[in-house]
Amino acid sequence: GQNIDQPTEMTATEGAIVQINCTYQTSGFNGLFWYQQHAGEAPTFLSYNVLDGLEEKGRFSSFLSRSKGYSYLLLKELQMKDSASYLCAVRDPTDNYGQNFVFGPGTRLSVLP
Amino acid sequence: KAGVTQTPRYLIKTRGQQVTLSCSPISGHRSVSWYQQTPGQGLQFLFEYFSETQRNKGNFPGRFSGRQFSNSRSEMNVSTLELGDSALYLCASSLEHGQGGKNIQYFGAGTRLSVL
């Protein structure tokens, strides 16, 4: 089976940097995704990692270590609008079509002024 | 380009009833997946459709079913509703790039179902 862990809640200050960790135990690996979900809204895609290393996209970066089953999402220059839940998801490696995602419980981030 | 559209946004039903939820994917997307989101369990995969065929199914009872039409629109049905079915039901659509492709899933805003 697949198991994904994330911290439940985090708090940070506007303008700061925050790192949200995600660890996974899966029977294989076929890609890891980060999504952002504001309360009452649809999850929106942030990043995709399939190879080890850092992927940078503006204020957001995502890191992957496949050997450690570990990823993190780094948010820089935090803004109030970054208050949301951040979902880590891995693609089920047993799915022949690459469409079955297994999501972690999500990390609720609160950005304080 | 319009996003994923789900209707209705909110629904209130009583135990024992059945419900049908609708999802219109992004134009050109042929893969449609359904998820259930609850505070305790997070996002859980229900099933995935492609070209009117169910290709994947999560670990949910047979009361949960779905279908996809030739225009890629999809419906999900829950029969004999239970209190525990109260949740946000999310639909996601994706282009098809196979097992090794990126296959980003784009989500709709969901249908919030309350079972009383």
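The values are calculated or read from the model by the stated rules, or taken from the named source; none is laboratory data. The structure displayed is predicted, hence computed values, not measured ones. Cβ placement follows ideal geometry from the backbone for every residue including glycine, while neighbour counts extend to all protein chains displayed. When the accessible area is computed, the model is the full protein with side chains, heavy atoms only, and any ligands, DNA or RNA have been set aside. Shrake-Rupley method; radii C 1.70, N 1.55, O 1.52, S 1.80 Å.
Select from the range A:23-62 the residues that are within 11 Å of chain B (Cβ to nearest Cβ) and either over 29 Å from B:Tyr89 (Cα atoms) or in contact with a helix residue (DSSP H, G or I) (Cβ under 7 Å, 6 or more places away or on another chain) (or both) and list them in ascending order. The answer is none; no residue qualifies.
Residues checked against (1) open to solvent by less than 20 Å² (accessible area, probe 1.4 Å); (2) modelled with pLDDT of 95 or more; (3) closer than 16 Å to B:Leu90 by Cα; (4) within 11 Å of chain B (Cβ to nearest Cβ):
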position: A:Asn21; (1), (2), (3), (4): no, yes, no, no
position: A:Leu64; (1), (2), (3), (4): yes, yes, no, no
position: A:Leu73; (1), (2), (3), (4): yes, yes, no, no
position: A:Asp82; (1), (2), (3), (4): yes, yes, no, no
position: A:Thr94; (1), (2), (3), (4): no, no, no, yes
position: A:Gly98; (1), (2), (3), (4): yes, no, no, yes
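Among the residues making up the range B:27-37, those that are within 12 Å of chain A (Cβ to nearest Cβ) and in a loop (DSSP other than H, G, I, E, B) are B:His29, B:Arg30.
Restricting attention to the range A:100-113 and to residues that are assigned to a loop (DSSP other than H, G, I, E, B) and over 16 Å from the mean Cα position of the chain (by Cα), the residue that is nearest to the other protein chains (Cβ to nearest Cβ) turns out to be A:Asn100. Here is the figure for the range B:72-112: residues that are in a strand (DSSP E or B), open to solvent by 10 Å² or more (accessible area, probe 1.4 Å) and of a type in the set (S, T, N, Q) total 1.
Checked against (1) more than 22 Å from A:Arg108 (Cβ to Cβ); (2) open to solvent by less than 50 Å² (accessible area, probe 1.4 Å), A:Ala42 passes all but condition (1). Restricting the search to strands (runs of 3 or more DSSP E) fully inside the range A:1-71 and requiring at least 2 residues that are touching a residue at least 24 places away in the same chain (Cβ under 8 Å) and within 16 Å of A:Pro93 (Cα to Cα) gives A:18-25, A:32-37. The residues of the range B:38-71 that are small (Gly, Ala, Ser), outside any strand (DSSP E or B), more than 16 Å from A:Gln99 (Cα to Cα) and within 14 Å of another protein chain (Cβ to nearest Cβ) amount to a single one, B:Gly40.
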